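Q: The structure follows.
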Amino acid sequence: MMTSTFLVPAASALLGALMYRHHRQVFAWTRRMRRKDETNTEYDKPSAWLADLYAAQCGLAQKPCAAEDFKDIATIGNMLAGIADHTEGVRFELTRVVESVRGYVATALPGQGAAVRVGLPEHRTRLEQAMRQEAARDELAHAILAAEQRIKDLRHS
């Protein structure tokens, strides 16, 4: 009889301790999931804008562009610049994208106007400008992909 009086409280204490431990694990898991959901929501806008920016720059690939062709890219770059300082986890990557956007937009070629015959030196100058523009577009594409990868990594961690 004495052993059963000792076993019942001991079993109850053990069961209580196990239940307490289980509840702590469940609450910790819930907090982690809530933080992860908040983090994912924080990166929704930048992720969508980066996808739009990537599509816009792909549309201009291997095509000499004047300033008016960069309207969409400049707009998206300005939107990213506005949130870059407020998005802690990807601040560096977004800043790099914004700098690449500005560098790419700065390579705009002068307007062509009417079809005019140009000399060989002018043709070479325009060709060099177009090549610098394509290199800047390529740099922008790499910056966008790096930022998207960082966001993906943060969402999965």
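The values are calculated or read from the model by the stated rules, or taken from the named source; none is laboratory data. These figures come from a predicted structure and were not determined experimentally. Cβ sites come from the backbone with ideal geometry, for glycine too, and all protein chains shown count toward neighbours. Only protein heavy atoms, including side chains, enter the accessible area calculation; ligands, DNA and RNA are left aside. Shrake-Rupley method; radii C 1.70, N 1.55, O 1.52, S 1.80 Å.
Q: Of Ser47, Leu154, Gly16, which is farthest along the charge dipole of the chain in the positive direction, counting Lys and Arg as +1 and Asp and Glu as -1 at C-beta?
A: Gly16
Q: Once both axes come from the Cα atoms, what is the angle between helix 91-105 and the longest principal axis of the chain, in degrees from 0 to 90, rounded to 10?
A: 10 degrees
Q: Report, by chain and number, residues whose modeled amide H sits under 5 Å from the one on Leu109, excluding near sequence neighbours (fewer than 5 apart, same chain).
A: Under 5 Å from the amide H of Leu109: Cys65, Ala66, Ala67.
Q: Calculated from the structure, Cα Rg over 2.2 N^0.38 Å equals which of (1) 1.40; (2) 1.89; (3) 1.11?
A: (2)
Q: Report the extension gain between Asn78 and Asp44 in nm, rounded to one decimal, defined as 0.36 nm multiplied by the number of residues separating them, less their alpha carbon distance.
A: Numbers: separation 34, 0.36 × 34 = 12.24 nm, distance 1.68 nm.
Value of the extension gain: 10.6 nm.
Q: Only loop residues by DSSP count here, and only those with at most 11 other Cβ atoms within 10 Å; note down the trypsin sites (Lys or Arg not before Pro) in region 62-143 that meet that.
A: Values: sites: Lys71, Arg91, Arg96, Arg102, Arg117, Arg124, Arg126, Arg132, Arg137; in loops: Arg117.
For trypsin sites (Lys or Arg not before Pro) across region 62-143 that sit outside H, G, I, E and B with at most 11 neighbouring Cβ atoms in 10 Å, the list reads Arg117.
Q: While we're here: Tell me the mean residue ellipticity at 222 nm calculated for the chain from its helices only (DSSP H runs of n ≥ 4, each -39500 (n - 2.57), averaged over every residue, nearest 500).
A: -27500 deg cm²/dmol
Q: Can I ask one more? Let me cross-check Thr41: its accessible surface, 1.4 Å probe, with only protein heavy atoms counted, in Å² to the nearest 10?
A: 90 Å²
Q: Additional query: Taking only Cα atoms, what is the 0 to 90° angle, nearest 10, from helix 44-59's long axis to the longest principal axis of the chain?
A: That helix lies at roughly 30 degrees to the long axis.
Q: With a 1.4 Å probe and every protein chain left in place, work out the accessible area per residue of region 1-122 in Å², rounded to a whole number.
A: The answer is 71 Å² per residue.
Q: Whole-Hz ³J(HN,Hα) for each residue in region 13-26, computed from phi via Karplus 6.51 cos²θ - 1.76 cosθ + 1.60 with θ = phi - 60°, x for glycine and proline: what do you get?
A: 5, 5, 4, x, 5, 5, 5, 4, 4, 4, 5, 4, 5, 5
Q: Share of the chain's accessible area from carbon and sulfur, percent, 1.4 Å?
A: Numbers: 6490 of 10940 Å².
About 59 percent, which is the carbon plus sulfur part of the accessible surface.
Q: I would also like to ask the following. Which ³J(HN,Hα) values, rounded to whole Hz and listed in residue order, are derived for region 143-153 from phi using the Karplus coefficients 6.51, -1.76 and 1.60 in 6.51 cos²θ - 1.76 cosθ + 1.60 with θ = phi - 60°, glycine and proline given as x?
A: Along region 143-153, the couplings run 5, 5, 5, 5, 5, 5, 5, 5, 5, 4, 4 Hz.
Q: Filter the trypsin sites (Lys or Arg not before Pro) in region 16-53 down to the DSSP loop ones having no more than 13 other Cβ atoms within 10 Å, then list what survives.
A: Details: sites: Arg21, Arg24, Arg31, Arg32, Arg34, Arg35, Lys36; in loops: none.
Listed in order of number, the matching sites amount to none.
Q: If I ignore ligands, DNA and RNA and count only protein heavy atoms, how much of His156 is accessible to a 1.4 Å probe, in Å² to the nearest 10?
A: 140 Å²
Q: Using the Karplus curve 6.51 cos²θ - 1.76 cosθ + 1.60 with θ = phi - 60°, what ³J(HN,Hα) values do you get for each residue of region 69-85, in whole Hz, with x for Gly and Pro?
A: Residue by residue, region 69-85 yields 6, 8, 4, 5, 5, 5, 5, 5, x, 5, 5, 5, 5, x, 9, 4, 6 Hz.
Q: Which log10 I(q)/I(0) values, to two decimals, does region 30-98 give at q = 0.13, 0.26, 0.28 Å⁻¹ under the Debye formula with one point per Cα?
A: The Debye formula, applied to the Cα set alone, gives -0.45, -1.13, -1.22.
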